[in-house]
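Here is the structure we will look at.
The values are calculated or read from the model by the stated rules, or taken from the named source; none is laboratory data. Being a predicted model, the structure only gives us computed values, none of them experimental. With ideal geometry, Cβ positions are generated from the backbone for all residues, glycine too; neighbour counts draw on all protein chains shown.
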Amino acid sequence: MRSPVVLDLDGSVGRLPDATVLVLREWEESIRFGCSLGRMRRLQRTLDEALPRKHGTAFLGSGDFHHLTWPLVERVDVGERFEVVVLDNHPDNMRFPFGVHCGSWVRRVAMLPQVAQVHVIGITSGDIGRGHAWENYLGPLRAGKLTYWSNGVDVGWAQRLGLGAAFRTFPSADAMVDAFVSGQGGGSRPVYLSIDKDAYAPDVAMTNWDQGTLSEAGGAAIVTSLRGRIVGSDVTGDISRYRYRTWWKRRLSAMDGQVEPDAALLATWQAQQHALNLRLLALIEANLTSARSGAVPAGW
């Protein structure tokens, strides 16, 4: 097993066994929520220099940093095309004209030639509803490289645009999980797994963002269905308090519905998050693949 890595941008991730911790707090303001492409590339160079050649699951802290999955996926090299499976309450495929942010990175990953398919599972957000249809990047959906798995969202607009195959919608989270799991029996491609805990119902773990309806058992069923194929992974969605110094980040995060966590409950929620992180780490490690044909995935 490879040791996990904590990218410590906000101090929200508790101590994990045998973890390598990269203290990156000086990047928090400039990276959190969103950043320019140039700044992301500078951080990527920092990560490439600091991360061990082989490591386990990366813990990113708040979901405000989910766009760091992009450079982590770029590090994966298994000698063949692979899939990316994302547990998330949001599509993370939304338009963002200022570079990349935590809600737009999926398009960047779907554009990578080594990525065969991206599945975003657990969406209950109105981000994929008719009112926000224009904000979604349609290119990866039309190209068949991105599939949304959702429940409780009216996506009839996608059917009318001929995008129905990219929108898998279900009446409940359990039905969504069952459909995804049943489709993995014949799967053979390697998988990079990214878990944003806002996909889970709030009683599983409280996050900084509006949350979905996935149960912990449902998430575990999805991960277990990928057994023997997982070649890289990250976990985000920890809860933390932060006030942006940058005015436009304050404005955009407020428009996206972020609410500052209650300071009196923060320690309780972080303890809940830490316990879940330990369980997720054990779950992912139990379902990893061994290197294929001697190839070792970069970062693993």
Subject >> Candidates 92, 77, 88, filtered to the one that is farther than 18 Å from residue 255 by Cβ, among the charged types (D, E, K, R), crowded, with 24+ Cβ neighbours inside 10 Å and touching a strand residue (DSSP E or B) at 6+ places or on another chain (Cβ under 9 Å) >> reply: 88
**OP:** Can you confirm whether the range 238-245 contains a residue that is within 15 Å of the chain's Cα centre (by Cα), part of a loop (DSSP other than H, G, I, E, B) and buried (at least 20 other Cβ atoms within 10 Å of the Cβ)?
**Re:** yes
**OP:** Of the conditions (1) modelled with pLDDT under 95; (2) under 30 Å from residue 169 (Cβ atoms), residue 105 clears all except one; give me its number.
**Re:** (1)
**OP:** Output the qualifying pairs, or none if there are none: Cβ atoms under 8 angstrom, residues six or more apart or on different chains, first residue in the range 147-166 and farther than 17 Å from residue 122 by Cα, second residue assigned to a strand (DSSP E or B) and modelled with pLDDT of 95 or more.
**Re:** 158/167; 159/167
Original post:
Of the numbered conditions (1) over 14 Å from the mean Cα position of the chain (by Cα); (2) within 18 Å of residue 214 (Cβ to Cβ), residue 85 satisfies every one except a single condition; which is it?
Top reply: (1)
Original post:
So which of 113, 91 is closer than 25 Å to residue 207 by Cα, at pLDDT 95 or above and either in contact with a Phe, Trp or Tyr (Cβ under 6 Å, 6 or more places away or on another chain) or not small (Gly, Ala, Ser) (or both)?
Top reply: 91
Subject >> Residue satisfying all of: in the range 123-137; among the charged types (D, E, K, R) and in contact with a strand residue (DSSP E or B) (Cβ under 9 Å, 6 or more places away or on another chain); surrounded by the most Cβ atoms within 10 Å (Cβ to Cβ) among these >> reply: 127
Subject >> Verdict on residue 219 being assigned to a loop (DSSP other than H, G, I, E, B), closer than 28 Å to residue 20 by Cα and touching a residue at least 24 places away in the same chain (Cβ under 8 Å) >> reply: no
Original post:
Applying the selection to the range 176-201, what residues are exposed (fewer than 14 other Cβ atoms within 10 Å of the Cβ) and under 26 Å from residue 264 (Cβ atoms)?
Top reply: none
Subject >> Of all residues making up the range 36-53, the number that are in contact with a strand residue (DSSP E or B) (Cβ under 7 Å, 6 or more places away or on another chain) and either touching a residue at least 40 places away in the same chain (Cβ under 8 Å) or not in a helix (DSSP H, G or I) (or both) >> reply: 4
